[in-house]
Amino acid sequence: MSRRYWIALAWVLAALAISMPARAAERLIYSYKNNAAGNFAIYTKSLDTPDHGQELITISGDAWMPRVSPDGTKVAYLGKASGAIYVADINGRNRRALGNRVPARSIAWSSDGTKIYYWGSANASSAHAFYRVPASGGTGTVMFGGRTYWCWFYDGGFDVFQVRLASGRLQEYILFGASQTGTRGSKCNLLRLPVSDTAQPLTNMFSGLGDNYTPSRGPSNGRIIFQADHDRAGSHRIYRLNANGTTTALSDLYAGSPRWNATQTRYVYVKAASSTFGARAYQGALWTRNADGTSHQAQTTIGVAACPSFYNEAASGGQGAYSIQYNHRVTFNHTGLTQTDTTTGSVPFNVAANGRISGAGNVTTTTTGTAGPCTVRGGGPVAVTLGGTRGSQMNVTLNEIWRLSLTYYCPDQPPRTVSLGTQTQPTRALSFPIRNGATITQPFIGAGGSGTYSWTLYIN
C-alpha cells in the first residue's frame, strides 16, 4: 500500500480518537471505618488498588449506605442511627437533608433520578413499609398502600429496575428480599413489586434455600445475585439465580450485600470473618469478582466496610479530579504601616495512573491597609504549579510566582501605584490525608507579621 494511504489512515484514526468520548472510570463507593470502635464515613476508591480509599463524607454518627444517582452526579446516603436521608454532589459538597419523617433503613434511586425510594419504619426492628421522597426534598409518601415487610438484612435490601412492557410502556419495579407476611423471624424470599402508591400484586421470584436477602439485578440480562442463608443459621453466601430457577454459589462463608456493576461484568460484596446473623448489613472486607468467576480481588484489607456499590465517574480524562483551595490571611504591622494580605482561589490538578501529580492555576492576593495618612489597596495574581505523588497521602509540592502591586491613596495627592515585581517563592511540600475537605494550616513566620496559611484538598 502507498505511503499516502497510511498517512490518510493515521489521520482518520487520530480523528476518531479525538471524537470518541473517554471511557468513564469505574469506582466503588461504600461505608467505611478504620476500626470497630469508630464511626462509618462515606468512602470512594478506584478498583484493583487495595485500600487507598478516599474519605468523601462524614457526619455526626455513622454515614451509611451511599447510593449514586443514575446520572452519576449525586450521592444519597443515610444517617444510620437517625434514618435521615441526605443528598450531596458526587464530590461530597452541597449536602442537604431531604426531610423524611419516617426513618429510612435502606434507599435506592428511581430510574429517572428524580426520587429516592426507601424502606422505613419508626422502629428499626419492626416491619418496614416502602416510601418515596423527591430528590429535591420532602417528608415522604408511603407506597403500596402501606403494606409492611420484614427481614433481617434490610440495609441494602432492595434494588430498582425498569423494563419496557409489551405495550411499549416503561414499568419500574422494586426487587427485594423479605418475609411476605411481615412477621419477624418468618422465612424471607426474593419478591418483586411494580412501583405504585397503591397496593399491588406481589411476585415471588425465588423461595428456595433458607432466607434470601439483598438482591441485585444485572442490567444486561436481568440475572439476579443475592445473599442467602441456606440453613437459616447464619451460613451466608452470595448466590446467582439461574434462568432455570437453580442457584450457583459465588462465594465462601461468610458473605453478603452483593452489587452488580453497570455492565454486569463484575460484582462487589462484603466478606466477614464470621456470621453477622441478625445484623443490619454485612460488615468486613470488600471483594470484587468478574461475572465469569475470574479476577477475585480484595479491595480493602484493613478497617471495616459495608454497603458497597459501583459508580462511574465523569469521563473527563481525570481533568480537575482534585483541587487545592487557598485561604491565607496575614497582617503586617510596622511603624506607620498596617497591611492585610488575603490569598484565595482554587488550583486544579490531576493524578496519573503512576501516581504523579500535575496541575497549574492562579490564585489571587488582595491587599488592604494604611500607611500613615494614606489608604493602601492592591494585590495581584499568584501563579501556582503543582507536582508531587499520590501514595497513602496526597504529597503535593507548590511552586508559586507572586506578581503584586500596591496603590497608595493619600490626601491631596493623585493615586500612586508601586509594583513589587516578580517574587518566586521556595518550593513548599504538603502532605494531605486523602479525604474531601482535608485542611493543612501553618502559621506565618516572619518579622512584623502574623496570621495563617491554609490549604484545603477537594475531590471534585
Answer residue from segment 55-98, given it is at pLDDT 90 or above and of a type in the set (Lys, Arg) and is surrounded by the fewest Cβ atoms within 10 Å (Cβ to Cβ) among those: Arg96
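Could we say that Ile57 is out of contact with any Pro (no Cβ under 6 Å at 6 or more places or on another chain), under 18 Å from Ala135 (Cβ atoms) and among the aliphatic types (A, V, I, L, M) here? Show your work before the answer.
Details: out of contact with any Pro (no Cβ under 6 Å at 6 or more places or on another chain): yes; under 18 Å from Ala135 (Cβ atoms): yes; among the aliphatic types (A, V, I, L, M): yes.
Taking the combined requirement at face value, the residue satisfies it.
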Residue ID - nearest to Asn35 (Cα to Cα), chosen from residues in segment 273-303 that are modelled with pLDDT under 95 and among the aromatic types (Phe, Trp, Tyr): Tyr282
Tally, over segment 45-54, of residues that are within 15 Å of Phe310 (Cα to Cα), touching a residue at least 60 places away in the same chain (Cβ under 8 Å) and either surrounded by 14 or more Cβ atoms within 10 Å (Cβ to Cβ) or hydrophobic (A, V, I, L, M, F, W, C) (or both): 4
Count of segment 232-265 residues which are in contact (Cβ under 8 Å) with a residue 40 or more places away in the chain, of a type in the set (D, E, K, R) and assigned to a loop (DSSP other than H, G, I, E, B): 1
Long-range neighbours under 6 Å by Cβ, at least six apart or interchain, first residue more than 15 Å from Val163 (Cα to Cα) and in the same structural domain as Trp152 (by TED's automatic domain parsing) within segment 184-196, second among the polar types (S, T, N, Q) and assigned to a loop (DSSP other than H, G, I, E, B): Asn189/Ser207
Where a residue in segment 326-347 is in a loop (DSSP other than H, G, I, E, B) and its partner, wherever it lies, is β-branched (Val, Ile, Thr), with Cβ under 9 Å and at least six apart: Gly336/Thr370
Single unsatisfied condition, Ala447 versus (1) in a strand (DSSP E or B); (2) out of contact with any Ser or Thr (no Cβ under 7 Å at 6 or more places or on another chain); (3) of a type in the set (Gly, Ala, Ser): (1)
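The values are calculated or read from the model by the stated rules, or taken from the named source; none is laboratory data. Quick caveat, the model's predicted, so the values are computed rather than measured. Cβ: placed from backbone, ideal geometry, glycine included. Neighbour counts: every protein chain shown.
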